[in-house]
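No value in this document is a laboratory result; all are computed from the given coordinates. As the structure is a prediction and not an experimental result, all values here were calculated from the model. Positions of Cβ are generated from backbone atoms using ideal geometry, with glycine treated the same way; all protein chains shown enter the neighbour counts.
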Amino acid sequence: DKKAHVRLAKFALGDFVLLGKIIKFPNKLALNWKGPYCVSRVDSDYVMEVQQLVEPFTTSVHHASRLKFFSDAALDVTDALVDYATFGDEGFFVEVLLGARRSADGKFEVRVKWKGLDEEATSKD
């Protein structure tokens with residue numbers, strides 16, 4: 001049996017991990033690794049709570065099979081690491097809302113200045 005020798009990693013309080021989010025493909029599941037997150041509570045060898053490194057610093061509980069080691073607790077959380085945690089998920093962070101209006105068809109439009117992007121990259125969402 002191939003899986004007989006597979007062992008899940010054990011994580012300690014304060015370790016930094018990546019979180020595997022499930023992506024569904026036809027006939028297959030895959031994991032897309034997000035993070036890093038900080039292990040904020042260890043419930044057992046295989047279940048732990050992780051916390052985001054960026055606001056709103058939310059926590060969530062996961063099985064070790066969905067976590068991958070990133071660094072031990074000695075890692076220095078720099079601005080670059082926080083930026084990676086923020087933008088590494090391919091998301092955007094709102095720097096400021098520049099204005100809002102109702103369009104002719106009745107829908108609301110909001111001008112958004114995205115953090116880390118030039119003024120030309122504002123959008124109406």
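Hey, quick one: spin label on Ala73, modelled 7 Å out along Cα-Cβ, who in the stretch 22-51 has an amide N within reach, i.e. under 18 Å?
Flagged as within label range: 37-51.
When the convex hull of the C-alpha atoms of the stretch 41-80 is computed, what volume per residue in Å³ does it have?
Once divided by residue count, the hull of the stretch 41-80 is 86 Å³.
Give me the percent relative contact order of the stretch 2-78, please, defined on Cα pairs under 8 angstrom at least 6 residues apart.
It rounds to 33 percent for the stretch 2-78.
Give me the number: length gained by fully extending Lys21 to Phe108, i.e. 0.36 nm times residue separation minus the C-alpha to C-alpha distance, one decimal in nm.
Roughly 28.1 nm would be gained on extension.
Rounded to a whole number, what is D in µm²/s for the stretch 2-78 from Stokes-Einstein with the Kirkwood radius over alpha-carbon pairs (10 °C, 1.306 mPa s)?
120
List, in order, the whole-Hz ³J(HN,Hα) value for each residue of the stretch 45-52 obtained from phi through the Karplus relation with A = 6.51, B = -1.76, C = 1.60 and θ = phi - 60°; use x for Gly and Pro.
4, 10, 10, 8, 9, 10, 10, 5
Cross-link list Lys24/Lys68; Lys34/Lys107; Lys68/Lys113; Lys21/Lys68; Lys28/Lys68: which exceed 23 angstrom alpha carbon to alpha carbon?
Pairs exceeding the cut-off: Lys34/Lys107; Lys68/Lys113.
Using the Karplus equation 6.51 cos²θ - 1.76 cosθ + 1.60 (θ = phi - 60°), what ³J(HN,Hα) coupling, rounded to whole Hz, does each residue of the stretch 96-105 give in order, writing x for Gly and Pro?
Karplus-based 3J(HN,Hα) across the stretch 96-105 equals 7, 8, 8, x, 8, 7, 9, 6, 4, 8 Hz.
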